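Computed from the coordinates by the stated procedures, all read-outs in this text should not be read as laboratory data. Nothing here was measured: the structure is a model prediction, and the numbers come from that model. Here the Cβ positions follow ideal geometry from the backbone for every residue, glycine too, while neighbour counts run over all protein chains shown.
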Amino acid sequence: MSHLSSSNASPTEPESPHGALFLVLHYLQARELLAFQSVSRIFCDTISNDPSLWREITVQSPLSSKLTDESLLAITSRAEGTLRSLTLFNCLKISDAGLLTVVEQNPGITKLFVPGCVCLTADGMVEVVKRLHERKGNVNQLQLRLRGLCNIEKDHLDVLNSFLCKDGLLSKSPMPSFYGSNHSSGSINSDDGRPIDVDMCPMCRTVRLVFDCTRDECRRMEQRWIECRGCFFCIARCEDCGGCIDPEHMSHAESACNHLLCLDCWLQLPKCNTCNRPYCKGHNSIVGPTTGFICQECADGDFLDNVPEAGF
């Protein structure tokens with residue numbers, strides 16, 4: 001009996017978690033940190049009272065659909081003014097006013113990514129950058145990603161570049177931007193050396209994501225490289241390699257997953273036994289190791305052909 005009582009000396013006081021668990025907290029995103037708070041009082045107190053855990057905040061689905069201006073302010077306030085990085089994926093309820101309040105409280109922010117936040121406006125983002133400049137923030141170090149933001153005009157881009165680029169000057173040789181590293185909703189290339197992800201398309205003169213060509217033959221010929229630089233709407237891009245697609249080969253560019261492929265990539269991939277179209281590499285797991293397969297569209301078509309007509 002005495003042995004049992006000594007081994008359970010404090011039944012009302014829970015044993016402290018191993019110290020390694022607290023190190024893991026620094027690798028968790030906002031949604032996971034919020035979930036960890038409900039594990040125990042110790043975790044709740046640690047997470048709530050440690051500003052270093054909230055200096056880099058990323059919000060993704062499913063939290064993004066629930067995030068409001070008020071909840072965003074509550075989360076970012078835990079950094080106590082030391083927020084450095086804020087990434088909001090498809091946060092449909094975040095407004096210009098809400099984001100501006102967060103930035104005003106965290107003038108040291110150097111990374112602001114807002115892809116798919118449709119309630120944000122170009123005027124609002126300009127005001128955010130202006131406010132950072134007024135608050136003596138690290139504007140020259142700020143990385144801004146606006147993919148999906150509507151109604152960005154040349155005037156907006158000029159103002160943003162005047163603040164974001166050192167001494168108000170654009171680099172004469174900006175780092176190239178390739179289709180494939182920036183276009184997907186779940187991937188943003190944050191280390192490409194560019195202060196802002198959008199640019200003026202040299203063809204349609206619209207502010208969008210503008211891509212350089214990945215093809216060696218295009219890059220070796222300066223004029224050719226310039227000619228095949230543009231947004232996706234002006235220049236067709238291969239889903240796999242990111243290179244430009246020759247208009248003469250457009251009839252062979254379609255894949256079974258409805259993505260475009262250049263002729264070189266198209267030839268290297270296994271084809272559907274029925275329609276002779278490949279899947280792009282991103283959907284190649286559907287095919288598996290076999291060299292012959294039936295794509296989903298053809299399989300569905302065969303199924304419908306075999307369905308007997310209803311008699312009336």
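Observations on the structure shown:
- The label-point distance for Asn284 and Gln60, in a model that sets each label 7 Å from Cα toward Cβ, rounds to 2.3 nm.
- Between Ser52 and Thr110, the modelled label-to-label distance comes to 1.7 nm, taking each label 7 Å out from Cα in the direction of the beta carbon.
- Take the Cβ atoms of Asn151 and Phe232, set R0 to 22 Å, and the FRET efficiency comes out at 0.75.
- A straight chain from His133 to His26 at 0.36 nm per residue would run longer than the Cα-Cα distance by 35.6 nm.
- Three-way shape label, segment 13-143, alpha-carbon gyration tensor, a/c 1.5: prolate
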